[in-house]
Amino acid sequence: MNRALRAQIRGAFSFPEPKRKRAFMQRLRPRGIGMAALVWTQAAYIRRGVWCACGVALLLALLSARRFPGDAARLMGALLPFAAGIAVLETRRSRECRMAELERATRFSLRSVVFARMAAIGIADLAVILLSAAALSLGSGRPALRTAAQIGAPYLATAWAGLYIERTPLGRNHSYLSMAVAAAVSALALGGEAIGLPLSALPSGAWGAAAGALAVLTAREVCMTLNMTEEWV
Amino acid sequence: MGSTDLEQVYDRIYRYACLRLRDAHLAEDVTQETFLRYLNSGKAGGGYEIRYMYAIARNLCADVSRRRRRGPLQGVSDGAGEDATDAALEGIAVRAALEGMADADRELLLLRYVNGESVGTLAALYGCSRFAIYRRLRRAREAFRRSWGGEDV
Amino acid sequence: MILRADRLTKQYRNRIAVDRVSFELKEGVTGLLGANGAGKTTLMRMLTGVLDPTGGEVAADGIPVASEAYRALLGYLPQDFGYYPEFTVWDFVMYFAALKGLDRPTARRRTEALLDRVGLTDAAGRRMKTLSGGMRQRAGIAQALVNDPRILILDEPTAGLDPGERVRFRNLIRELGRHSIVLFSTHIVSDVEHIADQVMMMNAGRLIWRGRWDESDGSLEDFYMKAFGEDAAHEAVFDAVGL
């Protein structure tokens, strides 16, 4: 099929412009968009640094599982709070960058947009935690669930405290407090033993309970943050 | 769920209806009715299933044609533009090269080379195999080439 | 389509920003004139669903403002807006196309066409933070139009535009008013004179005048000064170029 013939065929047809297309398109019921599609959209616009942090965390988990199998969980527990700090920073961007008013006037409520952003990062971080736990557990021989709770608890503690501080006047006026929280939790995870906290000796049940309680507290903070988005405009 | 450009879907259905009905106004009516019937059918998900829409448009065009007598197909000669005495055409023009062709061949050329539909879509629309579509396309191109070769360029 | 505001009110603790404003708008361009602090921005925010009213209702053909269906019809340009610093002009418009529910092919096609229309095609790859105020405003106009809205709310849209950009913008708005309901607020009288079919005037949260205005009605500027009085008139800016 040669190009010249194709062009001749195309040129042989000629139609007038439709006169009522625009009016009809404007009246057409807009296609439904689910939350999954919104999460996907927001994921595309999250800063690359956030995804890099996830990737780096996972890579370090895999490396430390091979090199320091005994200590790897403690090291990951000290690293993941920074991923949580970055996630908290990302949730405030609409307000900080003065995009909240424009986002609010779209088909989605600002609450949905912020929730979608949090969900996209949360899902990625959860995947990092679970994959890291699997890798670390293989290296150390410890149960995977215990490892997941041990490295997830510092992440959740940072997320909870970071989101709480963001809602206070202090947090609203100071951008990087969540990273300061991450540093503090990281230091505790790394050096807790040195100050007398028997973190590595804690039984699996204790880690599980701690992670569970922190997850509930974090979920509560997420809801309160979403409720506050109304005030961001 | 496919990514579909609604305006382009509108244009494709509109051109198809224009060729079938030779009336731009009726073609827009059919195009809009096609969209509405498609949306109300419950088959519409996130994207627009073009083959199903063509099927709806084909049936609507057949209904309209049954209700009116078809006028002769007008060609453009010497770039004279639309035939002002035939209001039904309203600017729809096909080169004389297409005049001597069978309706089905003309329609196939439009769908494949103007609207850019895939062979799979055409096979589903005409209820035949992809192989049959390739054969029919080749035949249509030959018919066009013969007609074009005889036309004053 | 009819955009109806019925006794729209916004009350804060110690003041009433918008006081029982009612009107109906059809396709065409309406200019909302008023000095700073008259309540124009608050009114516009309630018309876009960004701010919840204390009283009254807003609906378009019966579709209430708080619904997704209303916001799907809407294009909005606030008086002051930000951007994500890493966004290019293209990213900025495409982001809002996605939030307005456009599929990718449509979003790409519309973004390209709109950037051409507002004269930003060459700047499409530039970061928003590198743009001048006028260029940023044009990017804002592009995002407001990306979903081909039936209701277009523009708050001080000509602020920051140079005279050439302003003429281009006026032509664009006039064209949009043929198919859509366009409401733009301004304190520049000549903007209203040049493009609005209908004029509304606000003062202290109230709609004090509404109607059609053309050249045969005389100077809008004189009428504005009379309506608002000498003191308020000092707040308004009369564009010498437009007089």
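The values are calculated or read from the model by the stated rules, or taken from the named source; none is laboratory data. Because the structure is predicted, anything quoted here is derived from the model rather than measured. Counting neighbours? That spans all protein chains shown, and the Cβs are built from the backbone with ideal geometry, glycine included. Heavy atoms of the whole protein, side chains included, go into the accessibility calculation; ligands, DNA and RNA do not. Shrake-Rupley method; radii C 1.70, N 1.55, O 1.52, S 1.80 Å.
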Legend entry - Accessible surface, the protein assembly as shown, averaged per residue in Å² (probe 1.4 Å): 46
Inset, instruction - Please build a GNM for chain C, connecting alpha carbons under 10 Å apart, and tell me which residue among C:Gly160, C:Gly211, C:Gly39 fluctuates the most. - result: C:Gly211
Inset, instruction - Enumerate the calculated ³J(HN,Hα) couplings along the range C:198-207 in order (Karplus 6.51 cos²θ - 1.76 cosθ + 1.60, θ = phi - 60°), each rounded to whole Hz, writing x wherever the residue is Gly or Pro. - result: 9, 10, 10, 10, 10, 8, 6, x, 10, 7
Legend entry - Nearest 10 degrees, 0 to 90: helix A:177-191 Cα axis against chain A principal axis: 40
Legend entry - Heavy-atom accessible surface that A and C bury in contact, both chains counted, 1.4 Å, Å² to 100: 3100
Inset, instruction - For the range B:3-67, with all protein chains present and a 1.4 Å probe, just round the carbon and sulfur fraction of the accessible area to a whole percent. - result: 42
Legend entry - Dipole axis of the range A:36-232 (+1 Lys, Arg; -1 Asp, Glu on Cβ), positive-most option in A:Ala120, A:Gly196, A:Ala149: A:Ala120
Inset, instruction - Could you work out, residue by residue across A:91-103, how many beta carbons of other chains sit within 10 Å of that residue's beta carbon, and then give the average as an integer? - result: 5
Legend entry - Distance between the range C:158-184 and the range C:1-78 - C-alpha centres, whole angstrom: 20
Inset, instruction - Ignore the peptide's own chain and count Cβ atoms of other chains within 10 Å of each Cβ in C:92-104; give me the average, rounded. - result: 6
Legend entry - By average C-beta atoms within 10 angstrom, highest first, the peptides C:56-65, C:21-30: C:21-30, C:56-65
Inset, instruction - Return the long-range amide H neighbours of C:Asn203 (sequence gap of 5 or more, or a different chain), with a cut-off of under 5 Å between placed amide H atoms. - result: C:Ile208
Legend entry - Antiparallel DSSP beta bridges within the protein assembly as shown, percent to nearest 5: 50
Inset, instruction - Report the relative contact order of the range A:36-232, percent, no decimals, based on alpha-carbon pairs under 8 angstrom and at least 6 residues apart. - result: 30
Inset, instruction - Estimate for me the total accessible surface buried between chains B and C (protein heavy atoms, probe 1.4 Å, no ligands or nucleic acids), in Å² to the nearest 100. - result: 400
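Roughly what % of Cα-Cα distances in the range A:36-232 sit above 30 Å, to the whole percent?
21
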Inset, instruction - Give me the lysines in straight-line cross-link reach of A:Lys19: C-alpha distance below 23 Å, same-chain residues under 8 apart excluded. - result: C:Lys26
Legend entry - Amide proton proximity set for C:Tyr84, modelled H, under 5 Å, gap of 5+: none
Legend entry - ³J(HN,Hα), Karplus 6.51/-1.76/1.60, whole Hz, each residue of the range C:96-108, x for Gly, Pro: 6, 4, 5, 5, 8, x, 7, 6, 4, x, 5, 4, 5
Inset, instruction - Given the options C:Asn14, C:Asn203, C:Asn36, state which has the largest fluctuation in a GNM of chain C using a 10 Å cut-off (strictly under) for Cα springs. - result: C:Asn14
Inset, instruction - Would you work out the charge dipole size for the protein assembly as shown about its Cα centre, treating the Cβ of every Lys and Arg as +1 and the Cβ of every Asp and Glu as -1, and quote it to the nearest 20 debye? - result: 2560
Legend entry - Listed residues C:Leu152, C:Leu131, C:Leu207, most fluctuating in chain C (Gaussian network, C-alpha, under 10 Å): C:Leu131
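Could the peptides C:115-126, A:113-124 be put in order, highest first, of the mean number of other beta-carbon atoms found within 10 Å of their residues? Before the final figure, lay out the partial values.
Working: C:115-126: 16.2, A:113-124: 21.0.
Those peptides, ordered most packed to least, come out A:113-124, C:115-126.
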Legend entry - Helix-only [θ]222 nm of the protein assembly as shown, DSSP H runs n ≥ 4, -39500 (n - 2.57) each, per residue, nearest 500: -18000 deg cm²/dmol
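Counting partner chain Cβ atoms within 10 Å of every residue's Cβ in B:21-31, what's the average?
If you average over the peptide's residues, the count of other-chain Cβ atoms is 2.
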Inset, instruction - Taking chain C as the reference, fit the longest principal axis to its C-alpha atoms, fit the long axis of helix C:133-145 to the helix C-alpha atoms, and give the angle between the two in degrees, 0 to 90, nearest 10. - result: 90
Legend entry - chain A: angle of helix A:144-167 to the longest principal axis, Cα-based, in degrees nearest 10: 70
Inset, instruction - Just reorder A:Met76, A:Met228 by solvent-accessible area, largest first, 1.4 Å probe, all chains present. - result: A:Met228, A:Met76
Inset, instruction - Work out the charge dipole of chain A with +1 on the Cβ of Lys and Arg and -1 on the Cβ of Asp and Glu about the Cα centre, then indicate which of A:Met228, A:Ala61, A:Ile129 is farthest towards its positive end. - result: A:Met228
Inset, instruction - Go through C:165-171, C:41-47 and give me the packing order, highest mean Cβ count within 10 Å leading. - result: C:41-47, C:165-171
Legend entry - HN-Hα J in Hz across the range A:211-227 - Karplus 6.51, -1.76, 1.60, θ = phi - 60°, x for Gly and Pro: 5, x, 4, 5, 5, 5, 4, 5, 4, 5, 5, 4, 4, 5, 5, 5, 5
